[in-house]
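Take a look at the structure below.
The values are calculated or read from the model by the stated rules, or taken from the named source; none is laboratory data. Just so it is clear, the model here is predicted, and its values are computed rather than measured. Quick reminder, even Gly has a Cβ in these numbers, built from the backbone with ideal geometry, and neighbours come from all protein chains shown.
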Amino acid sequence: MLQKTNRQTLVEQVALQMENMIESGKWSVGMRIPAEPELMAELNVSRNTLREAIRALIHAGLLKTKQGDGTYVCSSSALGVVLKKRVLRSDTLQTLEVRYALEREGAHLAAQRRTDDEAHELLLQLERCEAAAKRGDIDQFVTADIQLHQMIINASHNEILIEIYSHIGEALHDSITSLTRYEVDADFVAMHRQLVEAIVAQDGDRAVAAVHRYIEESKDVITQDEGEQP
């Protein structure tokens, strides 16, 4: 038998208000939230209620406390925390499969919906990736590569897809870094140029094919590496 749902407690209401400030960007990631007296006055709650709400958000992974310094925002949403933890528990092949699903659709939509300004910015970002690869700067390439893929997803103008991808971006960093130990070569970089040029040309099928090529290449690299392990 279904039971009546309980109304939110005061602590839950306060935690929700604080979560909304984080998700709206009023409290950005890395920011130290206001001190207790200021929050107590703003939210019109007691110290105990406020502390319980903060503890709930710390447990959810949105806030973290630095001893003697204050409480900081460490994630922009609870969804981001969950996705990041899940990606970090997955192996590289599973992560690639998720990337393929998201990046394939993102590339297809971006080819249809990108603006002229977005096309220009994608070409500039591609040049940054190519320059880092030419220098052999793996760290800079990884950073530029993640930014490039996020820009492509942003150009899809699908807010849900953008949010999901942005939340797993940090967790993808380790996966992409491990892959680029092997594959930052001319062919791999060329696949990214094919992808960007297809989006600029608004050729969705060609963009999807480019995503397929570099994901399959990455899978082959992983498979070969595992086969060489003793």
**Prompt:** Taking region 80-122, which residues are modelled with pLDDT under 95 and basic (K, R)?
**Reply:** K84, K85, R86, R89, R99
**Item:** Selected residue (criterion: surrounded by the fewest Cβ atoms within 10 Å (Cβ to Cβ)) from residues of region 141-169 that are closer than 15 Å to V98 by Cβ and small (G, A, S)
**Value:** S166
**Complete:** Listed by first then second residue, the pairs whose first member lies in region 47-61 and is closer than 10 Å to A15 by Cβ, whose partner is outside any helix (DSSP H, G or I) and modelled with pLDDT under 95, with beta carbons under 6 Å and at least 6 positions apart or on separate chains, are L57/L63
**Message:** Quick check on my filter: what residues within region 26-38 are touching a residue at least 12 places away in the same chain (Cβ under 8 Å) and not small (G, A, S)?
**Reply:** W27, V29, M31, R32, I33, E36
**Asked** Is there any pair with a first residue in region 196-207 that is within 15 Å of L124 (Cα to Cα) and a second that is in a loop (DSSP other than H, G, I, E, B) whose Cβ atoms are under 8 Å apart and which are 6 or more apart or on different chains, and what are they?
**Response** I199/R114; I199/A155; V200/R114
**Complete:** Within region 9-59, the residues that are of a type in the set (G, A, S) and assigned to a helix (DSSP H, G or I) are A15, A41, A53, A56
**Prompt:** Among Q8, Q67, which is the only one that is at pLDDT below 90 and loosely packed, with under 11 Cβ neighbours inside 10 Å?
**Reply:** Q67
**Request:** Restrict the check to region 122-144 and report whether at least one residue is within 20 Å of A209 (Cα to Cα) and among the aromatic types (F, W, Y).
**Result:** no
**Prompt:** Restricting to region 134-156, what's the tally of residues that are under 26 Å from D203 (Cα atoms) and either charged (D, E, K, R) or more than 17 Å from the chain's Cα centre (by Cα) (or both)?
**Reply:** 1
**Request:** Tell me, please, whether a residue that is surrounded by 15 or more Cβ atoms within 10 Å (Cβ to Cβ), free of Cβ contacts under 8 Å to residues at least 60 places away in the same chain, of a type in the set (G, A, S) and over 20 Å from T95 (Cα atoms) can be found in region 116-131.
**Result:** no
